[in-house]
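The values are calculated or read from the model by the stated rules, or taken from the named source; none is laboratory data. All values derive from a computational prediction rather than experimental measurement. Every residue, glycine among them, receives a Cβ derived from its backbone with ideal geometry; neighbour counts consider all protein chains shown. Only protein heavy atoms, including side chains, enter the accessible area calculation; ligands, DNA and RNA are left aside. Shrake-Rupley method; radii C 1.70, N 1.55, O 1.52, S 1.80 Å.
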Amino acid sequence: MPGTCVIGLQWGDEAKGKLVDILTEEHDVVVRYQGGANAGHTVVSGGQTWKLSLIPSGILRDGVTCVVTGGVVLDPASVIREMDGLESRGVKIGRKLLLSDRAHVVFPWHVTEDRLLDGSLSGGEAIGTTGRGIGPCYRDKVGRSLAIRLGDLYRPDFREKLAHIVEVKNRLFAGWGGAAAGIQPLDAAAIHADYALHAARLEPHVADTTAFLLDEVEVGKRLLFEGAQGSLLDIDHGTFPFVTSSNSSGVGVSSGSGVPGRWVNRVIGVVKAYSTRVGGGPLPTEQINPIGEHLRERGREYGTVTMRPRRCGWFDAVAARYTARLSGVDHLAVMLLDVLSGLDEVKICSAYEIDGKRVTHFPSHVDDLKNARPVYETLPGWDEDLTEVRGYDDLPRQARAYLDRIGELLGRPVAIVSVGPDRAQTIFRHGASFGGGAATPPASTRPPHPSAAKV
Ligand code: GDP
Ligand code: IMO
Ligand code: MG
């Protein structure tokens, strides 16, 4: 059974990229299956830092194929920039990268719409998108008539299709105020010229990735699925409307990649040892005080894509237990534990109080979440610097107690702990191996059934 997937359980930036890079060693294919250039995944190795966005974080290793599937919205200029950046630093891409001909293409009008609809025209509280045209591109995908997929760029009617869409979009933009509102009309010929160049550059990488992946699983190749964003930003199951436009929880793996869920035998849920969020929407455990500043400064919590300061707070076990269940998580990876060093006490939110009632389920309506008052458990903190620790048992007693409590509240074992950005700063508990070929864990080591967990 060949599949592992890595899913963020919070609001993104859980250090999925670091983990995917490490786990790539034990896999043959790394797959990005949703989202787009809104993702910013960081890998640090031997003093070098790599920022990946659309290209899977497996690209830094040899001997793997990196696949961007049809569930992704693909900005050709972004991929090309990323490819050039990697190649200029000695990373050979060659035929290692495959891009789905089904991936929907991001065009300049999507970026314009993103800016306008999350700003002055939205009328409500801004989502605070990354401004990469993600939502508008997915909207056109679902709407169908104004959508262009990567494979369409190579068809004889591409120019005509593009001209039609540009005409419709220009009419739409004129209705929104046009040049007076700072919206420049789109020039179909210029856009065609740019995208024809992009298409020529990307052509060797374009493939039917669904067929490729199905062939790979059937011959026993080990697949690693790299989630982007986090489960709480899932379009259907997250904190709507303050979410992204794809299924960023575990439920998106099959629809985004075309690989049936039966081929995924291990789900690793990634959390930070605390909470962060970029953009709008509720963050019940947010700390706008010296604790929040400690987390932001020690964790260098500034967005990888937009450089915005991330909002920071205590670990929210109500939210993460919900997403661990939703994403079918087997094992937890707790990242950035080192950031908590130096705090007298550490807190975990284990329930909410909403309208005077104590609840342990995650509310489905964002207004209830806005009203949620976190109920905390307080644990002793630790002063020790963790960045050199390499064995679980060498962690300070208080740090182990903290991890144990997270595992208990989420009903899953903590199998991986990260104590710094570098590949080497990672602790695999009990010598855990995460090769895709590894068998399903024996019953005795399986996490308890989620309903057994008391929160
Ligand atoms: P992703 O989007 O989930 O891949 O996460 P990001 O790359 O956006 O953000 C995670 C940040 O934390 C990056 O700057 C990483 O280099 C950094 N990082 C990863 N693991 C650790 C860790 O254990 N400790 C610290 N201090 N930083 C880490
Ligand atoms: P990675 O993969 C953190 C957030 C944005 C905004 C909301 C919608 O690096 O974890 P969008 O541009 O997707 O329409 O923005 O989602 N967001 C992320 N936050 N990490 C990400 O990706 C994110 N991708 C989108 O800040 O609140
Ligand atoms: Mg990120």
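Miscellaneous remarks
- Residue list for region 222-261, restricted to those being surrounded by fewer than 18 Cβ atoms within 10 Å (Cβ to Cβ) and touching a residue at least 40 places away in the same chain (Cβ under 8 Å): 240, 241, 255
- Some residue of region 272-283 being within 14 Å of the chain's Cα centre (by Cα), away from ligand 1 (no atom under 16 Å from the Cβ) and modelled with pLDDT of 95 or more: no
- Candidate set: region 297-321, residues that are over 16 Å from residue 232 (Cβ atoms) and in contact with a Phe, Trp or Tyr (Cβ under 8 Å, 6 or more places away or on another chain); chosen: the one nearest to ligand 1 (Cβ to nearest atom): 299
- Which listed residue, of 79, 20, 67, is outside any helix (DSSP H, G or I) and either modelled with pLDDT of 95 or more or more than 10 Å from ligand 1 (Cβ to nearest atom) (or both): 67
- Counted residues, region 28-45 - those being more than 16 Å from ligand 2 (Cβ to nearest atom) and either among the β-branched types (Val, Ile, Thr) or touching a Phe, Trp or Tyr at 6+ places or on another chain (Cβ under 9 Å) (or both): 1
- Residue satisfying all of: in region 325-340; under 16 Å from the mean Cα position of the chain (by Cα) and either among the hydroxyl-bearing types (Ser, Thr, Tyr) or open to solvent by less than 30 Å² (accessible area, probe 1.4 Å) (or both); nearest to ligand 2 (Cβ to nearest atom) among these: 335
- Residue 62 being farther than 18 Å from residue 256 by Cα, within 11 Å of ligand 2 (Cβ to nearest atom), open to solvent by 30 Å² or more (accessible area, probe 1.4 Å) and part of a loop (DSSP other than H, G, I, E, B): no
- Hits in region 328-353 - residues which are acidic (Asp, Glu) and closer than 30 Å to residue 254 by Cα: 330
- Considering only residues in region 297-324 that are more than 16 Å from ligand 3 (Cβ to nearest atom) and of a type in the set (Lys, Arg), the one that is least open to solvent (accessible area, probe 1.4 Å) turns out to be 321.
- Any hit, region 39-58, residues being more than 15 Å from ligand 1 (Cβ to nearest atom) and more than 21 Å from the chain's Cα centre (by Cα): no
- Only a single criterion out of (1) open to solvent by less than 10 Å² (accessible area, probe 1.4 Å); (2) within 14 Å of ligand 3 (Cβ to nearest atom) is not satisfied by residue 74, namely (2).
- Taking each residue of region 410-431 that is within 16 Å of residue 338 (Cα to Cα) and among the aliphatic types (A, V, I, L, M) and looking for partners that are within 15 Å of ligand 1 (Cβ to nearest atom) and part of a loop (DSSP other than H, G, I, E, B) with beta-carbon atoms closer than 6 Å, six or more apart or interchain, yields 419/386; 419/387; 419/389; 419/425.
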